[in-house]
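Colleague: Here it is: the structure, laid out below.
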Amino acid sequence: MNWNRDFLIFLLIFIAGLLSTLGFAPFGFWPIPIITLAILIFFLDTQFTSPTRALFKGLLFGLGLFGSGISWVYISIHNYGGANLLISLLITSLLIIYLSLYPALTCYVYQKYFKKNHPILKTLLIFPSLWVISELVRAYLFTGFPWLTLGYAGINSPYAGIAPLWGVYGVSLLMAFAASLISLLIQEIKNFKPPQNLSKLSLFITLLLGLILFTGLIQTIKNKSWSTISSPAISIALIQGNISPSIKWDEGQELDTIQTYYQLTQAQLNQNLIIWPEDALPIFKSNAEPFLQILNQEAITHHSAILLGLPIDQPNPNNPDNNLAYNGAIILQSPQNSINQPNTNNFKNNIYLKNNIYLKRHLVPFGEYTPSFFSQITSLLNLPMSDFSAGPEHQDLLALNNLNNPISLGLSICYESAFPLEFQKHMQGAALLISISDDSWFGQSLGAWQHLEMAQMRAKETGRYLIQGTNSGVTSIISPEGELLKTIPENKTSVLTGQVYAMKNQTPWMQAGIYPLLLLLFLMIAVGVCTRR
């Protein structure tokens, strides 16, 4: 074993993972993750790589990728979560190591169970399939953490055209396939001995040209409209209050927060829809009802609608003495012409109508609730934790009533827009998508931009306009093609106005979900397995 050579290779793999973050927002250099992943594949295929060494190489790549890409977790825990320096570093480090296990295990399985398979088909078919499967598992195992899925780096690439068919994981598959092909080309050029290797080199060049032609086809798909406009222009105003989380929940700060949002709203009451971000009101709904009634009346008077986030308390059927707390949102508007709603101007009835309230389903572990397994640990460390309950799995879509025809609104709160399978399931029937969040928890980091990149992919997958309303940025209007139409600066009290449209018809992704892609992954692995030598 050449220790100097091995050290350099390990260092190169770690640096490759580190540089992969440049492919994601806010940098957006999408070819970089393809190249860095090709480097990892190259050093898996060209050296004598035992399964253990393959696991170590994958771990190093993951440590570089997640160590640079999710460093914002430390800011959330330390600056705003109240944990001390050592605890914040410990939690962040453990999360990075945990996430790095996924590329590590992918590389281990690749070398352990497919060593005797045809080398070219192994690289082209097996590795991309295993990589995408590991991303799927990472998104849902132990509540899931889907950040830095490879496909998000491709939102502005030609590969994004596949998103309406196969979702973000389809984009990941194409990018991983491109990385595998680049790795094979490098291997063949490195070992080129004419004329013996001429046929292989010709094959890889042909595949590369075919991939280029395929990206051209994807561009055609990208320009194909899977959905069409179904409404007149809807005027909107997104209120960005820029209230720091370090003071938002302080006792005595509530009135200043309410005044900020209320004053910014007054000049926008002519808009069809006004949106306040997640937890714009830092008080429970039961305590906020006198103010909500005033706001609701103003919305009705001006034929507008105001959607806002706030914590919602409701009776606990199992313990009448303690209410359940939800991270939720309500829409204040006239109940007339609403979908499946009675015609009443009574505020109390209106506020509880099923199309006027939403309770967040997918909570942020440790941020909004403590998983039962860790409850004793967090108590021992004296970490400040919220105690929200998850909303019901089945909830009706919100409705925008102040147009000639009511519009169904698909709402997600913060973390929920990061989960494509849940999004595809719960947004069925939505004509317009809205995501509200408080991304100030990310501080001055990459987190808010990465979150916006996920929202862009959700718009692309569904073929819908998506409105992202945040407390501190990045507040945006996103087209059905996943393009940013308008944004306003981060960390600034401001209002973003614009127009969007309701859309009809569904993309193939919204109709079939993940199943066609899973079938393709199964076939790719099956072909690879059948070529075992």
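The values are calculated or read from the model by the stated rules, or taken from the named source; none is laboratory data. Everything numeric in this text was worked out from a predicted model, so none of it was measured. Don't worry about glycine lacking a Cβ; one is built from the backbone with ideal geometry, like all the others, and counts go over all protein chains shown.
Colleague: Of the residues Ile488, Ile413, Ile478, which single one is over 24 Å from Leu165 (Cβ atoms), aliphatic (A, V, I, L, M), in the same structural domain as Thr257 (by TED's automatic domain parsing) and surrounded by 22 or more Cβ atoms within 10 Å (Cβ to Cβ)?
Modeller: Details: Ile488 fails: surrounded by 22 or more Cβ atoms within 10 Å (Cβ to Cβ); Ile478 fails: over 24 Å from Leu165 (Cβ atoms).
Within the list Ile488, Ile413, Ile478, the selection yields Ile413.
Colleague: Which numbered condition trips up Ser246, out of (1) among the polar types (S, T, N, Q); (2) loosely packed, with under 15 Cβ neighbours inside 10 Å; (3) part of a helix (DSSP H, G or I); (4) modelled with pLDDT of 90 or more?
Modeller: (4)
Let's see how each residue does on (1) touching a residue at least 40 places away in the same chain (Cβ under 8 Å); (2) touching a Gly at 6+ places or on another chain (Cβ under 8 Å):
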{"residue": "Leu8", "(1), (2)": "no, no"}
{"residue": "Phe24", "(1), (2)": "yes, yes"}
{"residue": "Phe42", "(1), (2)": "yes, no"}
{"residue": "Thr52", "(1), (2)": "yes, no"}
{"residue": "Gly58", "(1), (2)": "yes, no"}
{"residue": "Phe61", "(1), (2)": "yes, yes"}
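Colleague: Please count how many residues of segment 270-281 are closer than 15 Å to Cys414 by Cβ and in a loop (DSSP other than H, G, I, E, B). Explain how you work it out, then say what you get.
Modeller: Just the residues of segment 270-281 that are closer than 15 Å to Cys414 by Cβ, to begin with: 275-280.
Checking which are in a loop (DSSP other than H, G, I, E, B) leaves us with 276-280.
Total meeting the criteria: 5.
Colleague: Would you confirm whether any residue within segment 500-523 is closer than 30 Å to Ile243 by Cβ, at pLDDT 95 or above and either β-branched (Val, Ile, Thr) or out of contact with any strand residue (DSSP E or B) (no Cβ under 8 Å at 6 or more places or on another chain) (or both)?
Modeller: As a first pass, look at segment 500-523 and keep what is closer than 30 Å to Ile243 by Cβ: 500.
Adding the requirement that they be at pLDDT 95 or above leaves 500.
Subsequent filtering for residues that are either β-branched (Val, Ile, Thr) or out of contact with any strand residue (DSSP E or B) (no Cβ under 8 Å at 6 or more places or on another chain) (or both) retains 500.
Checked segment 500-523: at least one residue is closer than 30 Å to Ile243 by Cβ, at pLDDT 95 or above and either β-branched (Val, Ile, Thr) or out of contact with any strand residue (DSSP E or B) (no Cβ under 8 Å at 6 or more places or on another chain) (or both).
Colleague: Take Ala237 and decide whether it is assigned by TED's automatic domain parsing to the domain that holds Asn405, out of contact with any Pro (no Cβ under 9 Å at 6 or more places or on another chain) and within 14 Å of Ile330 (Cβ to Cβ).
Modeller: Details: assigned by TED's automatic domain parsing to the domain that holds Asn405: yes; out of contact with any Pro (no Cβ under 9 Å at 6 or more places or on another chain): yes; within 14 Å of Ile330 (Cβ to Cβ): no.
Criteria not met by Ala237.
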